[in-house]
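Have a look at the structure below before the remarks.
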Amino acid sequence: LALDAASSAELGLSSATLTLRDDDLPPEISIDDVSSMEAGTAMLFPINLSAPSGLDIEVSYATSDGADSSSATAGADYLAASHTLAIPAGTSSAFVSVDAFNDPLYELDETFHVTLSDPVNATLSDSEAVGTILNNDEPPQIEFETSLYAVSEDAGKVTLTVTLSGPTALTATVKYATTDGPPPARAKVGEDYVQSSGTITFLPGEAGHAIAITILDDAQPEANETFVVTLSGPAHSTIGSHNPAMVRISDGDPYRVYVPLVVRSAAP
């Protein structure tokens, strides 16, 4: 404010400055969690201000891997990023972009973090967001190599191969158990084979496991007999079409033919 052209008076202090002091708190910055399918595209994390500001705002951000077994890995699952984000005066939102990668592995949903720091002309209210990369790959299939196995009764054992198909980053398991076959050619546990059951574990990278089942031999001639091996209860996997598997036991004992001896007496 300035005074001039005084009339009937002399000017003393002819100017003064009025300062309007802002009584509003600086806006608060928050960042939201984001979930996105594993599709090789950018994940956009919203950055929000509690109110628009008349000043330009800056905030730094940096990514980091998660802290548990479902952690995403920088360089393999997403592109590590750190930068300073500018939010122009008058605006109230912005985005942090993080590139997520696509891979062919079946895996758990994976997480990483985006952390804000060092705000300028603002304060932080929620400084950390979780990014979740959702798996988009089908689980691997577990099944028998074939639906029918043949073994001779005197072989001592039969070996069945269980396969896992499809890339996976997880350990897959499946249970198996034997049961007698359907009549009339039913093999019986304890007479024709030894009951067997258990759990098969496939570590990442393994494609096959063998099951050995003991076959019992006897001296009794008989028809071919069958029993069944069934897979169930898959974990981190599904069961394919080759299940259950039937085992046919062929008898190796020859049949014996007895001819009655007929003695004829001479005629008198």
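Side notes on the structure shown:
- Average accessible area per residue (Å²) across the chain - probe 1.4 Å, nucleic acids and ligands excluded: 59 Å²
- About the Cα centre, charge dipole magnitude for the chain (Lys/Arg +1, Asp/Glu -1 at Cβ), debye: 1640 debye
- For Arg248 and Ser71, a Förster radius of 51 Å and the Cβ-Cβ distance give a FRET efficiency of 0.55, rounded to the nearest 0.05.
- The residues packed around Val158, meaning those with a beta-carbon under 13 Å from its beta-carbon, carry a net charge of -4 if Lys and Arg are +1 and Asp and Glu are -1.
- Positive-end ranking of Ile29, Ser71, Ser14 along the dipole of the stretch 11-126, with charges on Cβ about the Cα centre, is headed by Ser14.
- Relative contact order computed over the stretch 16-126 (Cα-Cα under 8 Å; 6+ residues apart), in percent: 37 percent
- Percentage relative contact order, the stretch 108-264, counting C-alpha pairs under 8 Å, at least six apart: 28 percent
- Relative contact order computed over the stretch 147-209 (Cα-Cα under 8 Å; 6+ residues apart), in percent: 41 percent
- Values [x] 1, 5, 11, 15, 17, 17, 15, 10, 6, 3, 1, 0, 0; [y] 1, 6, 13, 19, 21, 19, 13, 6, 2, 0; [z] 1, 5, 9, 9, 7, 7, 6, 6, 5, 5, 5, 5, 4, 4, 3, 3, 2, 2, 1, 1, 1, 1, 1, 1, 1, 1, 0, 0, 0, 0, 0, 0, 0, 0, 0, 0, 0, 0 are given for comparison; P(r) over Cα pairs in 5 Å bins from 0, in percent, derived from the coordinates here, is the one labelled [z].
- Radius 15 Å from Cβ of Gly208, net charge of other residues (Lys, Arg +1; Asp, Glu -1): -3
- A 1.4 Å probe, protein heavy atoms only, puts the accessible area of Ser197 near 70 Å².
- The magnitude of the dipole of the stretch 1-145, with charges of +1 and -1 set on the Cβ of Lys/Arg and Asp/Glu and taken from the Cα centre, is near 920 debye.
- Reported to the nearest whole Å, the Cα centre-to-centre distance from the stretch 154-176 to the stretch 1-49 is 68.
The values are calculated or read from the model by the stated rules, or taken from the named source; none is laboratory data. It should be emphasised that the depicted structure is a prediction, and the values quoted were computed from it without experimental measurement. Positions of Cβ are generated from backbone atoms using ideal geometry, with glycine treated the same way; all protein chains shown enter the neighbour counts. Surface areas here come from the heavy atoms of the whole protein model, side chains and all, with no ligands, DNA or RNA. Shrake-Rupley method; radii C 1.70, N 1.55, O 1.52, S 1.80 Å.
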